[in-house]
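Quick notes on the structure that follows.
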Amino acid sequence: MIERHPELIVRPLDISDVVTALRFAREADLPVAVRGGGHGVAGHCIGDGSLVVDLRLMREVVVDPESRTATCGGGALWEDLDTPGQRHGLATPGGTFGDTGVAGLTLGGGIGHLTPSYGLTLDNLLGATVVTADGNVLTASENENAELFWALRGGGGNFGIVVEFKFQLHPVGLLLGGHLDYRLEDASIVLPVWRDLMADAPDSLASFAQIYRDGVTGEGLVNASIAWVGDLDDGRDAIRELTDGLSPVTNGVRPMYYSELQDLYGRMPFGLRNYWSGRFLGELPDELLALTSEQFVESGTSGGVLFEPLHGAPTRVASAATAFAGREARWNATFLGVWTEQEDDERQIETARAYSRSLEPWKIGGGYLNYATEASADGLETEFGAQRFERLRIVKRQYDPSNVFRFNHNIAPD
Ligand SMILES: Cc1cc2nc3c(=O)[nH]c(=O)nc-3n(C[C@H](O)[C@H](O)[C@H](O)COP(=O)(O)OP(=O)(O)OC[C@H]3O[C@@H](n4cnc5c(N)ncnc54)[C@H](O)[C@@H]3O)c2cc1C
């Protein structure tokens, strides 16, 4: 779906190559697109008439088990970071697909299996090395360039190229993890039970529910991921209503290491057609779950509707502490349209938009921009909220007044 034509693609090996690329872009008056993991369904990592800085060769990871920290290059994928961390029994909350980029995911939020225990990915960011539009190299942390550090944590790739991230790691060993699958026809029974469980879930339990139909086979199911970070027997008890109270067709929940859990989804093949749209929500009432089951089963669309609870550690971070816009939300709901045929584009896109509109009565603020193919029609001011958006704009004016970095959910300087 994404066909764009850059002027030039640069594949830097180190920070000085990134500086050279940005100085050249400035001389040649080219806007700059940045490719991290290349996973964003909006296709922002490539832009017409741009100079693309493709960071795929900058993926080095260094873990320090003493300080429980890790640094990684701006092009690292989650599998690059998870594996060396696990050698020391350490991890930081990351995405659920190993081939998603650390960069894009972190700069927009980061919801994963460890989020209730240890926060959003961006809550674990200790510092970043950034090359700005004029080719300067800056460090951003709570103590240095603090306003830039605030903006990086939620404002996306608007402010510069992050060439290095430094994360806090946590001890994560054997956990109870895996998936439960239920019949699509049982969605209206399964989803309320899952919602009730997750509404009061402790920090140790992460679970995401998805009602899903495969675009190729046409087969549908309801799926709940499970990650219990704690005593294994306590975990089995905590999810009893999902395993014994309901009738899963598959119960793949068992003791496993975090790295195994991170590999469970396999790979989402490139080349699929995608349109994703959703909202942060304050509640997940029966009416909304019934509407979801009904619309999804009837629509025949492929892809899924994903529900993510936002409880535990992220809720204990003050809303103004980072630029992330979903801090007051209790849930995140997203229509993930994924299909194969161009002729289905219009129907799939309209279904995703219509579902997103149907969430309006329960929305809190905007949507999760990391998932959004497009910002809502009301624009980024609504997505971020007026106050946060103005603060982001002030940072944008300071670090990128000419809007060199415009291939993103763009916070225009003016
Ligand atoms: C299959 C799949 C699974 C996903 N799972 C999760 C999940 O579990 N949790 C979650 O929170 N999100 C998830 N996401 C969403 C993910 O957070 C976003 O797609 C994110 O943008 C991916 O980052 P990337 O670096 O791979 O993407 P890219 O497309 O390379 O980049 C996305 C944006 O970030 C900018 N950018 C990239 N690298 C840098 C950099 N080094 N410096 C500055 N700007 C940069 C790009 O210019 C672009 O605007 C998933 C997406 C997919 C497709």
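The values are calculated or read from the model by the stated rules, or taken from the named source; none is laboratory data. For clarity, every value in this text was computed on a predicted model and none was experimentally measured. All Cβ positions, even for glycine, are placed from backbone atoms using ideal geometry, and neighbour counts span all protein chains on display. Ligands, DNA and RNA are excluded from the accessible area calculation, which covers all protein heavy atoms including side chains. Shrake-Rupley method; radii C 1.70, N 1.55, O 1.52, S 1.80 Å.
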Quick check on the stretch 8-54: take the gyration tensor over C-alpha atoms, sort the square-rooted eigenvalues as a ≥ b ≥ c, and tell me if it's rounded (a/c under 1.5), prolate or oblate.
oblate
Taking N as the number of residues in the stretch 48-137, the ratio of its alpha carbon radius of gyration to 2.2 N^0.38 Å works out to 1.13
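Would you please put 48-60, 157-169 in order of how densely packed they are, using the mean number of other Cβ atoms within 10 angstrom per residue and starting with the highest? Spell out each step's value before the answer.
Details: 48-60: 19.3, 157-169: 24.1.
Listed from highest to lowest mean packing, they are 157-169, 48-60.
What Kirkwood hydrodynamic radius, in Å, does the chain give when the mean of 1/r is taken over all pairs of distinct Cα atoms and then inverted? If you can, show how the numbers build up before the last one.
On the way: mean 1/r = 0.0462 Å⁻¹.
By the Kirkwood definition, the hydrodynamic radius is 21.6 Å.
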Pairwise label distance in nanometres, Arg236 with Asp29, each label 7 Å out on the Cα-Cβ vector:
7.0 nm
The chain, accessible surface, carbon-and-sulfur percent (1.4 angstrom probe)
48 percent
Tell me, what is the 1.4 Å probe accessible area of Ile189, in Å² to the nearest 10?
100 Å²
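Net charge near Arg56, counting Lys/Arg +1 and Asp/Glu -1 over other residues with Cβ under 13 Å of its Cβ? Intermediate values should be presented prior to the final figure.
Numbers: positive: Arg11, Arg35, Arg59; negative: Asp17, Asp54, Glu60, Asp80, Asp99.
Overall, the nearby charge balance is -2.
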If we sort 285-291, 394-400, 328-334 on the protection proxy, mean other Cβ atoms within 10 Å, highest first, what's the order?
328-334, 394-400, 285-291
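In terms of the ratio Rg/(2.2 N^0.38 Å) built on C-alpha atoms, what value belongs to the stretch 174-362? Walk me through the intermediate numbers first.
Numbers: Rg = 16.7 Å, N = 189, 2.2 N^0.38 = 16.1 Å.
Taking N as the residue count of the stretch 174-362, the ratio is 1.04.
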Whole number in Å², please: accessible area per residue of the stretch 267-414, 1.4 Å probe, ligands, DNA and RNA not counted.
44 Å²
Which of Ser247, Pro309, Val32 sits farthest toward the positive end of the charge dipole of the chain, with +1 on the Cβ of Lys and Arg and -1 on the Cβ of Asp and Glu?
Val32
Which residue fluctuates the most in the chain, going by a Gaussian network model with Cα springs under 10 Å, if the choices are Ala318, Ala103, Ala238?
Ala318
Output the relative contact order of the chain, whole-number percent, from Cα pairs under 8 angstrom with separation of 6+ residues.
17 percent
About the Cα centre of the chain, what is the dipole size in debye to 20, counting +1 per Lys and Arg Cβ and -1 per Asp and Glu Cβ, all else neutral?
800 debye
